[in-house]
Amino acid sequence: MVTISDVKSSSSSRENRTATHTHIRGLGLRPDGAAEKIAAGFVGQEGAREACGIIVDLIKARKMSGRAVLLAGPPGTGKTALALAISQDLGPKVPFRPIVGSEVYSAEIKKTEVLMENFRRAIGLRVRETKEVYEGEVTELTPEETENPLGGYGKSISHVVVGLKSFKGTKKLRLDPSIYESIQKEKVSVGDVIYIEANTGAVKRVGRSDAYATEFDLEAEEYVPVPKGDVHKKKEIVQDVTLHDLDVANSRPQGGQDIMSMMGQLMKPKKTEITDKLRAEINKVVTRYIDLGHAELIPGVLFIDEVHMLDIECFTYLNRALESPISPIVILASNRGICQVKGTPDLVSAHGVPPDLLNRLLIIPTTPYIEGEVRSIVQMRARTEGVEVSDAAVEFLAKEGVRISLRYTLQLLAPAQILARVRCGGAGNTKIEDRDVREAEELFIDVGRSRKLVTEGGKAYI
């Protein structure tokens with residue numbers, strides 16, 4: 001007999017995931033905009049968080065479009081975490097597109113095309129259209145067959161009869177065979193709640209009618225109530241799409257040129273370049289729909305980490321793209337000091353960014369963490385990874401985090417947990433002690449000891 005056990009859910013289920021920034025849930029600001037010392041998964045960096053809070057307010061007020069921000073600071077000071085916290089505070093309705101500077105280098109398309117594609121991915125369009133629809137629970141689904149006009153023994157579908165029921169009544173529809181194909185693709189059966197667009201014939205299965213809900217636990221269906229009102233009604237349909245989705249859909253047009261046709265043509269994109277002429281035409285259609293009040297533009301956030309990896313050609317293109325009438329908010333991050341701008345023979349600038357672009361940026365500095373902040377981060381990360389650490393081990397890790405680096409210290413947690421488990425004979429919940437961390441540090445050297453090793457024994461290396 002197959003044994004099925006219930007999985008107990010808990011409020012800490014999210015903390016069991018061990019992604020690098022899992023614990024970040026926002027900027028952790030008070031209503032007056034001041035930053036808490038420890039809040040929303042963030043520790044320290046109060047000045048940078050308060051500055052990012054102002055950026056969030058500007059984005060929500062639609063006053064940041066076409067502007068750029070630079071997060072500048074040493075490695076491991078929370079620049080990527082700040083960008084992700086901004087996206088958390090903006091909410092899921094605002095597009096957020098994170099990339100790394102090295103992603104623009106592709107063998108298939110140009111660097112500038114990759115940048116523009118990500119610019120368009122970070123700009124959302126919310127389309128509202130009032131459509132004439134038939135909506136209800138399917139009470140009848142009968143395809144009517146006729147003799148094949150081409151002869152032979154087969155038969156073809158001449159039409160399909162669909163019965164729909166709502167709270168206010170029922171209606172029987174006689175539909176075209178092409179709509180029957182859409183019904184089959186949606187896997188519609190009697191008892192399902194669907195809606196059919198009167199103009200296009202598009203069919204959407206909403207779910208199973210809750211009248212068919214059972215008392216069994218093992219149910220894969222999503223049950224929905226029977227629609228209110230009449231079967232035939234006018235309904236406002238809201239759809240969120242990015243400008244890049246419209247670009248891809250219209251690079252292979254298959255239907256009308258209205259905004260909903262654009263969204264209905266979304267297919268798996270290929271790595272092909274989209275022309276500026278096509279994008280300009282799409283911008284005209286989008287602008288017209290915004291002027292008519294049928295759509296709303298939502299400038300999102302494009303986050304480019306390790307921006308010093310871009311070359312002078314990309315930086316020049318960024319200057320132009322930021323001046324576009326349709327542009328997202330761009331957040332850049334760099335951990336470089338004074339260094340050469342990539343792609344130039346002798347141009348040296350701060351953060352690896354050309355001076356003309358630096359003049360456009362609002363620069364937010366991040367600073368190295370002090371020992372107390374490192375201690376809090378280690379404790380928070382231990383909870384996130386489900387690891388129990390003794391006070392002595394936490395103190396040792398905090399001192400090493402200041403002396404070496406925060407990233408190296410956090411990476412010692414996982415091997416130290418394995419060493420502690422071995423020391424205790426494979427017990428389940430084992431507390432990491434001071435000696436386990438020291439042993440892990442001996443096994444896995446940091447970058448300083450690695451540099452010393454190469455310097456002293458350099459002749460043995462190639």
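The table that follows gives values for the structure above.
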{"item": "Residue match in the stretch 78-89 (condition: among the acidic types (Asp, Glu) and within 26 Å of Leu318 (Cβ to Cβ))", "result": "yes"}
{"item": "Top-ranked residue of the stretch 225-238 - restricted to ones that are modelled with pLDDT of 80 or more and of a type in the set (A, V, I, L, M, F, W, C), ranked as nearest to the chain's Cα centre (by Cα)", "result": "Val226"}
{"item": "Subset of the stretch 109-133 [more than 13 Å from Ile304 (Cα to Cα), β-branched (Val, Ile, Thr) and part of a helix (DSSP H, G or I)]", "result": "Thr112"}
{"item": "Cβ pairs under 8 Å, 6+ apart, first in the stretch 444-462 and farther than 24 Å from Ile418 by Cβ, second outside any helix (DSSP H, G or I) and modelled with pLDDT under 80", "result": "Val454/Tyr461"}
{"item": "Members of the stretch 50-72 that are surrounded by 21 or more Cβ atoms within 10 Å (Cβ to Cβ) and in contact with a helix residue (DSSP H, G or I) (Cβ under 7 Å, 6 or more places away or on another chain)", "result": "Cys52, Ile55, Val56, Ile59, Met64, Ala68, Val69, Leu71"}
{"item": "Unique match (being modelled with pLDDT of 70 or more and in contact with a helix residue (DSSP H, G or I) (Cβ under 6 Å, 6 or more places away or on another chain)) among Val285, Val241, Val301, Val248", "result": "Val241"}
{"item": "Single unsatisfied condition, Glu108 versus (1) modelled with pLDDT under 85; (2) under 30 Å from Lys204 (Cα atoms)", "result": "(2)"}
{"item": "Lone qualifier among Asp434, Asp446, Asp356 - being outside the structural domain of Ala68 (by TED's automatic domain parsing), over 30 Å from Glu46 (Cβ atoms) and in contact with a helix residue (DSSP H, G or I) (Cβ under 8 Å, 6 or more places away or on another chain)", "result": "Asp434"}
{"item": "Val133 vs. criteria surrounded by 16 or more Cβ atoms within 10 Å (Cβ to Cβ), touching a His at 6+ places or on another chain (Cβ under 7 Å), touching a residue at least 60 places away in the same chain (Cβ under 8 Å) and closer than 29 Å to His294 by Cα", "result": "no"}
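The values are calculated or read from the model by the stated rules, or taken from the named source; none is laboratory data. Predicted, not measured: the structure shown is a model, and the values here were computed from it. Note that each Cβ is placed from the backbone with ideal geometry, even for glycine, and that neighbours are counted across all protein chains shown.
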